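Chemist: One structure coming up, written as structure tokens, with questions to follow.
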Amino acid sequence: MRIRVLGAGAGGGFPQWNCNCHNCRRIRSGEMRGLKRTQSSIAVSSDGRHWLLFNASPDIRAQLEAFPDIQPREGVRDTGIRAVLLIDSQIDHTTGLLMLRESTRPLDIYCSEMVRQDLSSGFPLFTMLEHYCKVNHHPVPLDGSGFEIPGIADLKVYTHALKSKAPPYSPHRHDPHPGDNIGVIVEQISTGRRLYYAPGLGEIEPHVGAAMAAADCVLVDGTFWQHDEMARAGICEKLALDMGHLPQSGEGGMIETLTTVAKGRKILIHINNTNPILDEDSPERKTLNEAGIEVAYDGLEINL
């Protein structure tokens, strides 16, 4: 199984266009050793030709141009993307669907009923795409049961609900429902190798811990280092957990979870521009290195 990290940043990417925080200012001026990142998305394939796209960020066009294996191979119009799976309806995970509107066939999109509703009402991308390529919606189960996707051989996908918040434009923003956010296990049928993918993760529920423990690679939420990181950066008073993201540091944080629960390769994705781990010389990055935890970057290739 091949996994390609198309984008590893959180919403806004790194540096964020209007941000002058400690990280963004230094990466622009060349004072910091680190990598710029576009907004988070990955692609998974068993044969390197037919790909399942996870989320479609606003940066999708540049991400696809940077990845030859997913580009056209046959005919005048073509793509290696066979289907799209959305883990939520957030702007930074869905706006790129508009960039795929030139598709010569309806987009096969797998997502929960809650996401379908959000993208048909509060943020009506599905309605807009009906005027272009159209959408074939495929519901995903929320109980961890598996399914295969036509056109993508040798992969089986398992999805489960995560505790989270719907986006601000969702009709049920203040009334959480199962399916607002999901975690995904991708298994290669022929080898049994497993990836666990959850870029938005606010709580380690029992089924999440079990999925992490059984995975050969865990690719999970690395948004914030500290619970009050945004306030410390002078940006806003929003707290990590209130935004649906488990911080890396502190008791019960992502570092403790990954080191005690996950047995395979451990990688953080969806890194916010304020997170000190973006600085490769920072003490926080050293802490991750010593714990055997990697930080995803655009173009990272994972082979299981």
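Every number in this text was worked out from the coordinates using simple rules, so none of it is lab data. Just so it is clear, the model here is predicted, and its values are computed rather than measured. Here the Cβ is made from the backbone with ideal geometry for all residues, glycine too, and neighbour counts use every protein chain on show.
Chemist: With the condition kept exactly as written, say whether any residue in the stretch 67-75 is buried (at least 20 other Cβ atoms within 10 Å of the Cβ), in contact with a Lys or Arg (Cβ under 9 Å, 6 or more places away or on another chain) and within 20 Å of Cys133 (Cα to Cα).
Modeler: There is at least one residue in the stretch 67-75 that is buried (at least 20 other Cβ atoms within 10 Å of the Cβ), in contact with a Lys or Arg (Cβ under 9 Å, 6 or more places away or on another chain) and within 20 Å of Cys133 (Cα to Cα).
Chemist: When residues of the stretch 263-304 are filtered for being over 18 Å from the mean Cα position of the chain (by Cα), part of a helix (DSSP H, G or I) and not basic (Lys, Arg), how many remain?
Modeler: Looking only at that region, the number is 7.
Chemist: Further, regarding this structure: Only residues that are charged (D, E, K, R), out of contact with any Asp or Glu (no Cβ under 6 Å at 6 or more places or on another chain) and farther than 18 Å from Ile302 by Cα: list them for the stretch 1-55, please.
Modeler: Across the stretch 1-55, the qualifying residues are Arg25, Arg26, Arg28, Glu31, Lys36.
Chemist: Residues that are in a strand (DSSP E or B), crowded, with 17+ Cβ neighbours inside 10 Å and within 13 Å of the chain's Cα centre (by Cα): does the stretch 9-21 have at least one?
Modeler: Looking through the stretch 9-21, at least one residue is in a strand (DSSP E or B), crowded, with 17+ Cβ neighbours inside 10 Å and within 13 Å of the chain's Cα centre (by Cα).
Chemist: Being in a loop (DSSP other than H, G, I, E, B) and buried (at least 23 other Cβ atoms within 10 Å of the Cβ) is the requirement here; does Thr191 meet it?
Modeler: Against the criterion (in a loop (DSSP other than H, G, I, E, B) and buried (at least 23 other Cβ atoms within 10 Å of the Cβ)), Thr191 does not qualify.
Chemist: Could you give every pair whose Cβ atoms fall below 7 Å, whose first residue belongs to the stretch 62-77 and is closer than 16 Å to Leu100 by Cα, and whose second residue is among the basic types (Lys, Arg), counting only separations of at least 6 or pairs across chains?
Modeler: Phe67/Arg4
Residue by residue, here is whether (1) out of contact with any Lys or Arg (no Cβ under 8 Å at 6 or more places or on another chain); (2) more than 19 Å from Tyr197 (Cα to Cα) holds:
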residue: Leu52; (1), (2): no, no
residue: Asn55; (1), (2): yes, no
residue: Leu85; (1), (2): yes, no
residue: Glu102; (1), (2): no, yes
residue: Arg105; (1), (2): yes, yes
residue: Glu113; (1), (2): yes, yes
residue: Glu130; (1), (2): yes, yes
residue: Pro141; (1), (2): yes, no
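Conditions tested, residue by residue: (1) assigned to a loop (DSSP other than H, G, I, E, B); (2) in contact with a Pro (Cβ under 9 Å, 6 or more places away or on another chain).
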{"residue": "Leu195", "(1), (2)": "no, no"}
{"residue": "Val220", "(1), (2)": "no, yes"}
{"residue": "His245", "(1), (2)": "yes, no"}
{"residue": "Leu258", "(1), (2)": "no, no"}
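Chemist: Looking at Gly253, Gly244, Gly264 in this structure, which one is in contact with an Asp or Glu (Cβ under 6 Å, 6 or more places away or on another chain), crowded, with 16+ Cβ neighbours inside 10 Å and of a type outside the set (Ser, Thr, Tyr)?
Modeler: One residue alone meets the criteria, Gly264.
Chemist: Filter the stretch 178-222 down to the residues that are acidic (Asp, Glu) and within 23 Å of Ile152 (Cβ to Cβ) and list them by number.
Modeler: Within the stretch 178-222, Glu187, Asp216 meet the criteria.
Chemist: May I ask you to list the residues in the stretch 217-227 that are under 20 Å from Ile182 (Cβ atoms) and surrounded by fewer than 24 Cβ atoms within 10 Å (Cβ to Cβ)?
Modeler: Once the filter is applied, which keeps residues that are under 20 Å from Ile182 (Cβ atoms) and surrounded by fewer than 24 Cβ atoms within 10 Å (Cβ to Cβ), the stretch 217-227 yields only Cys217.
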